[in-house]
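Just below is one structure, and these are the notes that go with it.
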Amino acid sequence: MTRLLALLCCLGLSTAALRAEDGYRLWLRYDLIQDADLRTAYQQQLGQLHVGTNVDTTREMMAVSLRELRNGLRGLLGIHLAPAAGAPGKGSGLALRRLAAGEIGPEGYRLRQQGNRLELAASDDRGFLYGTFHLLRMLQMGESLRGLDVEEVPAKDIRILNHWDNLDGTVERGYAGFSIFNWHTLPDVLDPRYTDYARACASVGINGSVVTNVNANALIFRDDYLEKAAALADVFRPYGVKIYLTARFSAPMELGGLSTADPLDPEVKEWWAAKAKAIYSRIPDFGGFVVKANSEGQPGPREYGRSHAQGANLLADALAPYGGIVMWRAFVYNSDPEADRAAQAYEEFVPLDGQFRDNVVVQVKNGPIDFQPREPFSPLFGATPETPLLLELQITKEYLGQGTHLVGLAPLFAEVLQADTHQGGAGTTVASTVTGLAGVSNVGTARNWTGHPFGQADWYAFGRLAWEPALDPTAIYDEWAALTYGADEAVRKTISRMLVDSWEICVNYMTPLGLHHLMATGHHYGPGPWVDELSRPEWNPAYYHRADSAGIGFDRTLTGSNAVAQYAPAVREKFADPRTCPPEYLLWFHHLPWDWRMDNGKTLWEELCLRYQAGVEGTEWLAAEWASLEGQVDAERHREVSQYLTIQQREAEWWKNACLAYFQTHSRRPFPEGVEAPPHDVEHYQSLDYPYAPGIRPR
């Protein structure tokens, strides 16, 4: 074996060639650069390390940065980074310099060529860490360092993953196995995956992790579980990742033995204050709480006649002495057949603007319903000028194929971030109204972390967009493809194009033209537009599409729920008129006749059918694009993605056939030319049953 390794080195091959590509290394694959000229140029530029006298490399995070740098250069360039010899300030190489406070923003860094040297400068340890990953990313992508002058500071302070992971190891809406956090064996067993997870987060600028489900369990606040959480925090800390926990509002009763959880009760206040003190005694840099309250059965302040602001302020006061924050979710809605679920979060939270403590951030989902394949942006964004908001995005694909479909989410994220709310005038984008981003994680115990190999791309894209919301999805996916599958331009461009186009393809075969909430009951796997018998009206797909013999769609204009009135006037006017409403939101805001004429001259029924057909054909295009890369990417991952694409094609046809078979029972119109009729009647699709679909705990 030793002789084989020596031979491989002589041939310029890395030992990575000896192992199968299982995806575990994510986008951090520091394999030897095969272009000898490029590798030599990098070696000459980066062969020595100059450390400024004001840089303390013994600090934990700095030590991590140096280890990453050495490992990266050893893998990519085959060199061992050596301390610079000779007089200070002389010679080529990489120089580290600490900037004065205020010279660059927190967590920011500067990469600049200074004479013969490349200088990495930052004012704090996180800046050095993020700058290190930026430099290594450039090397992986084969970019020139000559004349480099880059300065980056994160646009948002809060860049956080929300794990919907339960203490028993299951993951709600998770499609990549079980939770990576093994609470049973913590704190004694520190799985190396914890470190690898924190490292991956740091590499894309994610600086926080909520490790427990929003449907919270009070047990996490028991002393032994706090010790387990502290062990995770110790692993995450050197990578700049703060740990957060979800707080169950009724914990003082369930864990503390109190008779109430009323936020104005003195004993309740004392309990939370004592609990915060206990947490910070173990985790001094603890980030704070995420809270789901009075939503889908979760306890909250409304049970005591108190507002969401009073509930959030209770926890905020407990955390304030230590610098912690409360992320209070705005995902609330009541079971009211007369109400529009899409309007309820706005109605609940806008009147509370200005009543929250300074360390409360209201966490708002990207759309008014619930992570649908496509939604208009939530009208809450920009509507609470005195209350900071956090944008919540779903990286896991609860409504987008549940982990078996190739669906790139960066275009969805970008569409939301760049949407103009007009709340402060033209140009008031969603991105400009939020203080940070929270992403519902798609990570699990699957060897490749995300189940579908391309699921990694959205973990990566979320981090990059949380750092800089103006980034272009195509550029992000170009990066990910190059880092994950190699720098070959044809491969990179094909993968990037597939990811960018795949979201619209999925929207077409699931919920085109603004349809939403068409999925089956409970597990949300597959189509169920016929469902109309659930106990709560707003859980029924029929509540949302409202298809009948006259037409289809939810009227949210003045003649309907008037939820459109929650938007700023310029947005409201555009959405309220079906002639100016973007077609992607048409049936979100309007109930229109089946023979309504679209701008392209087709009837609404014809356009709906053709969009479903286009979605199915889009999956065929994805499969053909991927097949064209056979032999150009490693066989293991090519085979795995191909298998997933087979599932996606089959399920796209299922969505199209089931939905059109059902909607035709209302439209009574023939399918237009170019649209294949469903092979079965609607009763067949209604009879299908999937009791063990993944993603939610057994009941």
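The values are calculated or read from the model by the stated rules, or taken from the named source; none is laboratory data. Note that this is a predicted model, so its numbers are computed, not measured. Backbone-built Cβ (ideal geometry, glycine too); neighbour counts: all protein chains shown. Only protein heavy atoms, including side chains, enter the accessible area calculation; ligands, DNA and RNA are left aside. Shrake-Rupley method; radii C 1.70, N 1.55, O 1.52, S 1.80 Å.
Key figures
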read-out: Restricting the stretch 26-71 to residues that are in contact with a strand residue (DSSP E or B) (Cβ under 9 Å, 6 or more places away or on another chain), not hydrophobic (A, V, I, L, M, F, W, C) and not in a loop (DSSP other than H, G, I, E, B), the residue that is nearest to Ala457 (Cα to Cα); value: Ser65
read-out: Filtered residue count, the stretch 610-656, keeping only those that are under 15 Å from Glu504 (Cα atoms) and either surrounded by fewer than 20 Cβ atoms within 10 Å (Cβ to Cβ) or not small (Gly, Ala, Ser) (or both); value: 15
read-out: Residues satisfying the stated conditions in the stretch 381-406, i.e. within 16 Å of Ala431 (Cβ to Cβ), in contact with a helix residue (DSSP H, G or I) (Cβ under 6 Å, 6 or more places away or on another chain) and touching a residue at least 60 places away in the same chain (Cβ under 8 Å); value: Gly382, Ala383, Leu393
read-out: Single residue of the stretch 657-699 satisfying the filter (buried (at least 20 other Cβ atoms within 10 Å of the Cβ) and in contact with an Asp or Glu (Cβ under 8 Å, 6 or more places away or on another chain)) that is nearest to Pro453 (Cα to Cα); value: Gly695
read-out: Candidates Arg126, Arg74, filtered to the one that is buried (at least 21 other Cβ atoms within 10 Å of the Cβ) and assigned to a helix (DSSP H, G or I); value: Arg126
read-out: Number of positions in the stretch 146-160 that are touching a residue at least 40 places away in the same chain (Cβ under 8 Å), aliphatic (A, V, I, L, M) and farther than 17 Å from Val291 by Cβ; value: 3
read-out: Matching residues in the stretch 78-103 - criterion: being modelled with pLDDT of 95 or more and in contact with a Lys or Arg (Cβ under 6 Å, 6 or more places away or on another chain); value: Ala95
read-out: Cβ-Cβ under 6 Å pairs, at least 6 apart or on other chains, the stretch 423-434 side outside any loop (DSSP other than H, G, I, E, B), far side of a type outside the set (Lys, Arg) and open to solvent by 70 Å² or more (accessible area, probe 1.4 Å); value: Thr429/Gln418
read-out: Any pair with Cβ under 8 angstrom, 6 or more apart, that starts in the stretch 533-546 at a residue that is within 16 Å of Ser295 (Cα to Cα) and ends at one that is among the charged types (D, E, K, R) and surrounded by 15 or more Cβ atoms within 10 Å (Cβ to Cβ); value: Glu538/Arg341
read-out: Residue within the stretch 319-341 that is assigned to a helix (DSSP H, G or I), among the charged types (D, E, K, R), touching a residue at least 12 places away in the same chain (Cβ under 8 Å) and surrounded by fewer than 19 Cβ atoms within 10 Å (Cβ to Cβ) present; value: no
read-out: Contacts under 6 angstrom Cβ, first residue in the stretch 10-32 being farther than 22 Å from Thr450 by Cα and modelled with pLDDT under 95, partner open to solvent by less than 60 Å² (accessible area, probe 1.4 Å) and of a type outside the set (D, E, K, R), 6 or more apart; value: Ser14/Leu32
read-out: Residue in the stretch 347-358 that is surrounded by fewer than 23 Cβ atoms within 10 Å (Cβ to Cβ), within 20 Å of Tyr244 (Cβ to Cβ) and modelled with pLDDT of 95 or more present; value: yes
read-out: Complete set of residues in the stretch 25-45 that are open to solvent by less than 30 Å² (accessible area, probe 1.4 Å) and within 19 Å of Gly93 (Cα to Cα); value: Ile33, Tyr42, Gln45
read-out: Any hit, the stretch 235-257, residues being out of contact with any Gly (no Cβ under 7 Å at 6 or more places or on another chain), under 15 Å from Ala312 (Cα atoms) and open to solvent by 20 Å² or more (accessible area, probe 1.4 Å); value: yes
read-out: Test: residue in the stretch 167-183 that is in contact (Cβ under 8 Å) with a residue 40 or more places away in the chain and not in a loop (DSSP other than H, G, I, E, B); value: yes
read-out: Every residue from the stretch 398-417 that is touching a Leu at 6+ places or on another chain (Cβ under 8 Å) and either of a type in the set (S, T, N, Q) or in a loop (DSSP other than H, G, I, E, B) (or both); value: Leu400, Leu406, Val407, Gly408, Leu409
read-out: Entirely in the stretch 217-295, the helices (runs of 4 or more DSSP H) that have 1 or more residues that are touching a Lys or Arg at 6+ places or on another chain (Cβ under 9 Å); value: 223-236, 251-254
read-out: Those residues of the stretch 562-578 which are touching a residue at least 12 places away in the same chain (Cβ under 8 Å) and open to solvent by less than 50 Å² (accessible area, probe 1.4 Å), in sequence order; value: Ala563, Val564, Gln566, Tyr567, Ala568, Val571, Phe575, Ala576, Pro578
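Residue-wise test of (1) crowded, with 19+ Cβ neighbours inside 10 Å; (2) part of a helix (DSSP H, G or I); (3) modelled with pLDDT of 95 or more; (4) touching a Leu at 6+ places or on another chain (Cβ under 9 Å).
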{"site": "Lys493", "(1), (2), (3), (4)": "no, yes, yes, no"}
{"site": "Glu504", "(1), (2), (3), (4)": "yes, yes, yes, no"}
{"site": "Pro529", "(1), (2), (3), (4)": "yes, no, yes, yes"}
{"site": "Ala542", "(1), (2), (3), (4)": "yes, yes, yes, no"}
{"site": "Ala547", "(1), (2), (3), (4)": "yes, no, yes, no"}
